[in-house]
């Protein structure tokens, strides 16, 4: 399995970059899994008063919900990223948000300072709002997910991390 992280600050184009990249990789014949790291303190995956919520409230530490078209696994605690990655069987995982592990990443931003602050040794490109203003920054390509998704997919396929 290969992985790439799309990371950046709020409202910089992370979700757009992820969804466009997933669509392009699927179009090319790859199976794609996705992950999203959410930092909103009040976030809860399950809705209050559903049966699965009631199971968790009763004390179940893991709840599996299987429906006709979807299956969800709800853990009542945060899991380690490496453990969660073992759940994927797809060719490529596109993860939105910083996973805290050293893997290839694309940084999204609105300003040059956004890019500088989020860049690390595994950054392979930049994207997001700033791609409307430039095509290169500090030696790395800046690629628009809206107009040049093929180029971004090529960069990801050539540089994503093998796990």
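The values are calculated or read from the model by the stated rules, or taken from the named source; none is laboratory data. Quantities reported herein were computed from a predicted structural model and do not represent experimental measurements. Cβ atoms come from the backbone with ideal geometry, glycine included; neighbour counts cover every protein chain shown.
When 91, 83, 98 are checked against the criterion of being modelled with pLDDT under 95 and either surrounded by 13 or more Cβ atoms within 10 Å (Cβ to Cβ) or in contact with a helix residue (DSSP H, G or I) (Cβ under 9 Å, 6 or more places away or on another chain) (or both), a single residue qualifies: 98. Give all pairs with beta carbons closer than 6 Å in which a residue from region 103-123 that is over 14 Å from residue 143 (Cα atoms) meets a residue that is loosely packed, with under 14 Cβ neighbours inside 10 Å and at pLDDT 95 or above; count only pairs at least 6 apart in sequence or on separate chains. Here the result reads 122/102, each pair linking region 103-123 to a residue that is loosely packed, with under 14 Cβ neighbours inside 10 Å and at pLDDT 95 or above. Of all the criteria given as (1) at pLDDT 95 or above; (2) in contact with a strand residue (DSSP E or B) (Cβ under 7 Å, 6 or more places away or on another chain); (3) surrounded by fewer than 18 Cβ atoms within 10 Å (Cβ to Cβ); (4) within 22 Å of residue 35 (Cβ to Cβ), the one not satisfied by residue 135 is (4).
Taken over region 103-125, the criterion of being assigned to a loop (DSSP other than H, G, I, E, B) and closer than 19 Å to residue 155 by Cβ is satisfied by 103, 104, 109, 119, 120, 121, 122. Considering (1) assigned to a loop (DSSP other than H, G, I, E, B); (2) closer than 21 Å to residue 27 by Cα; (3) under 15 Å from the mean Cα position of the chain (by Cα), the lone condition that residue 100 does not fulfil carries the number (2). Counting only strands (runs of 3 or more DSSP E) that sit completely within region 19-77, zero hold 2 or more residues that are modelled with pLDDT under 90 and loosely packed, with under 10 Cβ neighbours inside 10 Å. For region 1-34, a residue qualifies if it is out of contact with any strand residue (DSSP E or B) (no Cβ under 9 Å at 6 or more places or on another chain) and on the phi > 0 side of the Ramachandran plot, and the qualifying residues are 11, 29.
Criterion first (at pLDDT 95 or above and either farther than 15 Å from residue 17 by Cα or surrounded by 12 or more Cβ atoms within 10 Å (Cβ to Cβ) (or both)) does residue 141 satisfy it?
yes
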